[in-house]
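Colleague: Input: one structure, supplied below.
The values are calculated or read from the model by the stated rules, or taken from the named source; none is laboratory data. These numbers come from a predicted model, not from an experiment. Counting neighbours? That spans all protein chains shown, and the Cβs are built from the backbone with ideal geometry, glycine included. Areas reflect the complete protein model, heavy atoms only, side chains present, ligands, DNA and RNA absent. Shrake-Rupley method; radii C 1.70, N 1.55, O 1.52, S 1.80 Å.
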Amino acid sequence: MPDPSRPPTLTAIARPSGALAMVAMDQRDSLTTMFAAAGVQAGHADLVDFKIAVARALGPLASGFLIDHAHGFDRVRDERLLPDTAGLILAADELDQQPGGPVDDTDLDAVVLADDFDLTGVSAIKLLLIWRDDERRAARVELARRFTAAAAERGLLSVLEPVVQPARGQEADFDREQAIRTAAGELSVVGQSLYKVQVPLFGKADGDDLDRACAALNDCITGPWVVLSQGVAAADFADAVAAACRAGASGFLAGRALWADVVGRADLVEALQEVSVPRLQKLITIVDELATPWDAR
């Protein structure tokens with residue numbers, strides 16, 4: 001078990017350079033939806049098999065690997081599918097999500113945070129938090145604080161992942177970029193080990209606009225931060241990571257940009273080697289060269 005008396009550091013999920021190159025494989029209903037889009041009606045075993053295949057292919061390269069407790073966590077840990085260089089990150093979020101739709105809200109996962117849940121081998125826990133400028137805004141900040149406290153009590157790193165959405169009825173006036181910065185300003189001060197944030201401008205911009213947007217975001221974040229790939233096309237993600245790192249990010253924690261287009265393929269093992277592994281290798285080169293080491297934050 002982790003030792004709460006010895007606070008962990010991000011070394012557990014970092015590369016020797018101090019950069020973070022982590023793979024996200026904690027998707028649940030959204031992964032089922034991706035399978036359906038590929039023409040496959042996937043059950044629980046299919047999701048587990050996919051996650052195990054991704055762990056085998058990308059785990060040896062990653063500095064951290066994120067998974068949920070219900071779809072392969074036990075196998076990844078007990079079969080030692082990850083090398084010592086890849087820290088195991090466990091999702092600690094309970095998702096409110098309609099089939100085929102986006103995550104509407106989240107809470108702490110009572111299963112993962114139960115006193116009797118075995119966290120042996122886990123380096124960090126992660127919370128997805130939906131941020132809206134509505135009547136529950138303050139309650140979500142408190143949720144983030146409870147999450148970081150729960151991680152600290154268990155001697156674990158805390159990865160906080162706010163995703164912004166418009167408040168009900170305010171969709172037409174929603175300013176995504178301002179919302180990402182506002183959320184960062186009020187949530188990155190709760191004591192998390194690592195802040196995981198959406199890429200500004202969906203990773204698409206003319207000229208130096210993306211660099212400026214990433215720099216503005218960096219000014220709002222307290223502590224080390226990484227970007228996620230949700231909403232960013234796979235072809236744009238490497239440039240988005242580079243821009244974020246030039247601005248002060250320490251790397252990435254990404255899933256879809258690495259493996260979304262191999263979901264449902266019959267030749268999955270080969271596809272991961274041909275498509276996903278080279279993408280991760282390219283991203284590792286970028287963060288080793290450009291990222292701000294986590295301990296410099």
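Colleague: Among the candidates Asp96, Asp116, which residue alone is open to solvent by 60 Å² or more (accessible area, probe 1.4 Å) and in a strand (DSSP E or B)?
Modeller: Asp96
Colleague: Based on this model, can you work out whether Ile52 counts as open to solvent by less than 20 Å² (accessible area, probe 1.4 Å) and either aromatic (Phe, Trp, Tyr) or out of contact with any Phe, Trp or Tyr (no Cβ under 9 Å at 6 or more places or on another chain) (or both)?
Modeller: yes
Colleague: Can you find a residue that is closer than 20 Å to Asp107 by Cβ, of a type outside the set (Asp, Glu), at pLDDT 95 or above and assigned to a helix (DSSP H, G or I) anywhere in segment 189-209?
Modeller: no
Colleague: Go through segment 19-49 and count every residue that is in a loop (DSSP other than H, G, I, E, B), crowded, with 18+ Cβ neighbours inside 10 Å and polar (S, T, N, Q).
Modeller: 1
Colleague: Moving on to the next point. Condition check: part of a helix (DSSP H, G or I), closer than 23 Å to Thr32 by Cα and free of Cβ contacts under 8 Å to residues at least 60 places away in the same chain. Does Asp261 satisfy that?
Modeller: Here the answer is yes, as Asp261 does meet what is asked.
Colleague: Within segment 239-249, which residues are among the aliphatic types (A, V, I, L, M), within 15 Å of Leu280 (Cα to Cα) and more than 16 Å from the chain's Cα centre (by Cα)?
Modeller: Within segment 239-249, Ala242 is the sole residue that qualifies.
Colleague: Could you list, in sequence order, all residues of segment 211-266 that are closer than 24 Å to Ala53 by Cβ and of a type in the set (D, E, K, R)?
Modeller: Arg256, Asp261, Arg265
Colleague: Residue check, Val190 against (1) touching a Ser or Thr at 6+ places or on another chain (Cβ under 7 Å); (2) farther than 30 Å from Ala45 by Cβ; (3) surrounded by 22 or more Cβ atoms within 10 Å (Cβ to Cβ), all met but one. Which one?
Modeller: (3) is the only condition that Val190 fails.
Colleague: Of all residues in segment 55-71, how many are open to solvent by less than 10 Å² (accessible area, probe 1.4 Å) and in contact (Cβ under 8 Å) with a residue 40 or more places away in the chain?
Modeller: Residues that pass the stated criteria total 8.
Colleague: Say whether the condition of being over 13 Å from Val199 (Cβ atoms), outside any strand (DSSP E or B) and β-branched (Val, Ile, Thr) is met by at least one residue in segment 227-250.
Modeller: Checked against the condition, which is being over 13 Å from Val199 (Cβ atoms), outside any strand (DSSP E or B) and β-branched (Val, Ile, Thr), segment 227-250 yields no hits at all.
Colleague: Counting just the residues of segment 256-297 that are open to solvent by 60 Å² or more (accessible area, probe 1.4 Å) and β-branched (Val, Ile, Thr), which one comes out farthest from Phe237 (Cα to Cα)?
Modeller: Ranking the candidates gives Val269 first.
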